[in-house]
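Accompanying notes for the structure given below.
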Amino acid sequence: MKKVYNLRHINFSSTFILSIALLFLSCEESLPRPTKKGKDTFGVKINGRNWLPETGLFGPDPTSARYGNSRLTVHAAKTNKNTNEYIYIYIENITKPGEYAINFNTLPPPLGTSYTNYGTYSHNDKMYQDPVTGQLGKYVYYTTNANHKGKVKITKLDIDKKIVAGTFEFTAEDYNNSNQTVKLTKGRFDLNFK
């Protein structure tokens, strides 16, 4: 006996499944739009996944920027009961909007911090699964260097209003394992600096 399929049922089922899939895909928070108004926003994709800063109720500010002596530091953190993740960007000799390479060899604290242009990503937590190795709970410190580079494009630097905005991307190497890297793309920030 030949089966007869009701096309309305198939069409409804396909639409329902597609709707559920889109709902799950939309659960990931989207990155903030690039702005230049000092809105204190920050976002980036880490190995293709959206990453936004956050802290617990009594935690420190999830983002900060400092500017002085032509040196810019941008910091973002995600700290909660399951994770401690940090992104730092250091740029020197910055006096106006423009594109700045982040490509110098650096040493992680406490060994020393070289205030040359570089970016870092680190995490230290119990529940986090390393995006590269899949290991749980391991402290990993990734940093740019002469082989793993990136760039920061400053789109606004307003000294009077203390606003810095820009975009960034970089690939960073695990400080303890040069075979492991992490890729930060589509980064953006719009911060008030101190």
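The values are calculated or read from the model by the stated rules, or taken from the named source; none is laboratory data. Here the structure is a predicted model, which means the values were calculated and not measured. Positions of Cβ are backbone-derived with ideal geometry, glycine not excepted, and every protein chain shown enters the neighbour counts.
Taken over region 65-94, the criterion of being among the hydroxyl-bearing types (Ser, Thr, Tyr), without any contact (Cβ under 8 Å) to a residue 40 or more places away in the chain, in contact with a strand residue (DSSP E or B) (Cβ under 7 Å, 6 or more places away or on another chain) and buried (at least 16 other Cβ atoms within 10 Å of the Cβ) is satisfied by 73, 86, 88, 90.
Restricted to region 179-194, and to residues there that are more than 22 Å from residue 94 (Cα to Cα) and not β-branched (Val, Ile, Thr), the residue that is nearest to the chain's Cα centre (by Cα) is 183.
Among the residues of region 38-80, the one identified as among the aromatic types (Phe, Trp, Tyr) and in a loop (DSSP other than H, G, I, E, B) is 58.
Restricting attention to region 123-168 and to residues that are at pLDDT below 95 and within 14 Å of residue 100 (Cβ to Cβ), the residue that is surrounded by the fewest Cβ atoms within 10 Å (Cβ to Cβ) turns out to be 149. The residues of region 144-178 that are of a type in the set (Ser, Thr, Tyr) and over 13 Å from the mean Cα position of the chain (by Cα), listed by number, are 144, 155, 175, 178. Just a yes or no: is a residue in region 3-18 more than 17 Å from residue 164 (Cβ to Cβ), under 20 Å from the mean Cα position of the chain (by Cα) and either loosely packed, with under 14 Cβ neighbours inside 10 Å or at pLDDT below 95 (or both)? Looking through region 3-18, none of the residues is more than 17 Å from residue 164 (Cβ to Cβ), under 20 Å from the mean Cα position of the chain (by Cα) and either loosely packed, with under 14 Cβ neighbours inside 10 Å or at pLDDT below 95 (or both).
Please verify whether residue 92 is under 15 Å from residue 157 (Cβ atoms) and modelled with pLDDT under 95, treating the condition exactly as stated. So residue 92 fits the description; yes.
So in region 169-194, with the set limited to residues that are at pLDDT 90 or above and farther than 14 Å from residue 120 by Cα, which one is surrounded by the fewest Cβ atoms within 10 Å (Cβ to Cβ)? Here the residue is 194.
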